[in-house]
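Reviewing the structure listed below.
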Amino acid sequence: MYSLRNEASVLVVLLSVCGFAVGCGSSGGGAEAAKPEATSGGDMAGYEGPIQSTDTAGGKDKFETFCGDCHPDGGEDEGPSLIAKPHTPGQLRKQIREGSGKMRPFSEKRLSNPDVESMLAWLATVGAVK
């Protein structure tokens with residue numbers, strides 16, 4: 001016998017499947033698919049500090065893999081030039097982790113903290129970090 005309880009169960013399953021399908025979409029560039037939350041631009045305390053890596057070769061490889069489509073060699077394309085307007089390491093860490101505008105955030109699971117630090121080390125060599 002079909003009941004209202006069965007209908008509710010079916011609805012929950014359908015909504016779960018739809019939510020999973022939307023969350024698994026890709027926005028290109030390897031960024032997280034979930035829509036980023038708007039950032040207040042305020043709290044930088046957790047992002048500030050000196051670059052914690054000297055692995056510029058590894059950083060260049062990671063940058064090309066995760067960021068190069070939108071910022072080729074740190075320059076402008078889909079995303080703005082990182083060289084034309086250098087950022088602090090904290091500003092770049094926050095942008096990577098929280099995203100903004102068209103850029104989706106990168107979770108630590110997708111791009112580890114050591115990988116971010118090596119990317120910052122490479123970006124410093126091309127004048128993108130102040």
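The values are calculated or read from the model by the stated rules, or taken from the named source; none is laboratory data. None of these values were measured; they are calculated from a predicted model. Methodologically, a virtual Cβ is constructed for each residue, glycine included, from the backbone with ideal geometry; neighbour enumeration extends over all protein chains shown. All accessible areas refer to the heavy atoms of the entire protein, side chains included, with ligands and DNA or RNA removed. Shrake-Rupley method; radii C 1.70, N 1.55, O 1.52, S 1.80 Å.
Structural remarks
- Averaged over its residues, segment 56-130 has an accessible area of 52 Å² per residue, based on protein heavy atoms and a 1.4 Å probe.
- Ligands, DNA and RNA excluded, the heavy atoms of SER81 present near 30 Å² of accessible surface to a 1.4 Å solvent probe.
- Computed over segment 83-130: relative contact order in percent, which uses C-alpha pairs under 8 Å that are six or more apart: 55
- Zone of LYS102's modelled label, taken as backbone nitrogen in segment 52-86 under 12 Å from a point 7 Å along Cα→Cβ: 69-72, 76-81
- Segment 61-77 - phi-based ³J(HN,Hα) in whole Hz, Karplus 6.51/-1.76/1.60, Gly and Pro as x: 4, 5, 4, 4, 5, 9, 10, x, 5, 9, 10, x, 6, x, x, 9, 7
- Reachable lysines from LYS62, criterion Cα separation under 19 angstrom, eight or more residues apart if same chain: LYS94, LYS109
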